[in-house]
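Scroll down for the structure; my scribbles are underneath it.
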């Protein structure tokens, strides 16, 4: 009888022993987490915003140490935090993303309106496929489910911006603009999501320390 192993990932990040976890959150991040915890009945309930803080602090993705740090700070197991991080597609565990993450919607309306042609053009321009990052670390390309912007099909998401309807000329202009954008849009998105979950009074307390 043949045995077929599915979903095998020999590159899956390993959980570091708790005593080896390096806590890298900035003082600001720690204060933000402290304020967010006041909004929830227990630490576990704050896992999603804690992961957004981690994704920002670790440069737009969640290496194994980031997941371990969230686990330590929330008193949860590594496996539990990893399970949440790998369930939601807006988190990026296991592999770094580029300075700018370009997400292509290929659901029905976008596909009918030419999303795959735009995706193919992006692959050609960047020299990467879905899930890959350019050699200079500038761009990562991803295929995503419906972005709920069918009126702008075909549409791309870059950070907190929806861009569409997109043509090849628009892609050229977008790539040029992003190359000249100093702040990583993947990090900016994570930060903006964190800030939306903090009340104005919370933000003031974070600033004052």
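Structure above, values below:
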{"read-out": "Residue tally, condition buried (at least 22 other Cβ atoms within 10 Å of the Cβ) and either in contact with a strand residue (DSSP E or B) (Cβ under 9 Å, 6 or more places away or on another chain) or closer than 18 Å to residue 94 by Cα (or both), over the stretch 18-56", "value": "7"}
{"read-out": "Boolean, residue 57 is over 21 Å from residue 86 (Cβ atoms) and not assigned by TED's automatic domain parsing to the domain that holds residue 160", "value": "no"}
{"read-out": "Residues of the stretch 171-189 classified as farther than 25 Å from residue 55 by Cα and surrounded by fewer than 15 Cβ atoms within 10 Å (Cβ to Cβ), total", "value": "3"}
{"read-out": "Flag for residue 70 being assigned by TED's automatic domain parsing to the domain that holds residue 24 and under 18 Å from residue 24 (Cβ atoms)", "value": "yes"}
{"read-out": "Test: residue 141 is closer than 15 Å to residue 119 by Cα, buried (at least 16 other Cβ atoms within 10 Å of the Cβ) and in contact with a helix residue (DSSP H, G or I) (Cβ under 9 Å, 6 or more places away or on another chain)", "value": "yes"}
{"read-out": "Every residue from the stretch 53-65 that is touching a residue at least 40 places away in the same chain (Cβ under 8 Å) and either part of a helix (DSSP H, G or I) or at negative phi (or both)", "value": "53, 55, 56, 61, 63, 64, 65"}
{"read-out": "Of residues in the stretch 78-107 being part of a helix (DSSP H, G or I) and out of contact with any strand residue (DSSP E or B) (no Cβ under 8 Å at 6 or more places or on another chain), the one nearest to residue 175 (Cα to Cα)", "value": "87"}
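The values are calculated or read from the model by the stated rules, or taken from the named source; none is laboratory data. Here the structure is a predicted model, which is why all the values come from computation and not from measurement. Neighbour counts run over all protein chains shown; Cβ positions are idealised from the backbone, glycine included.
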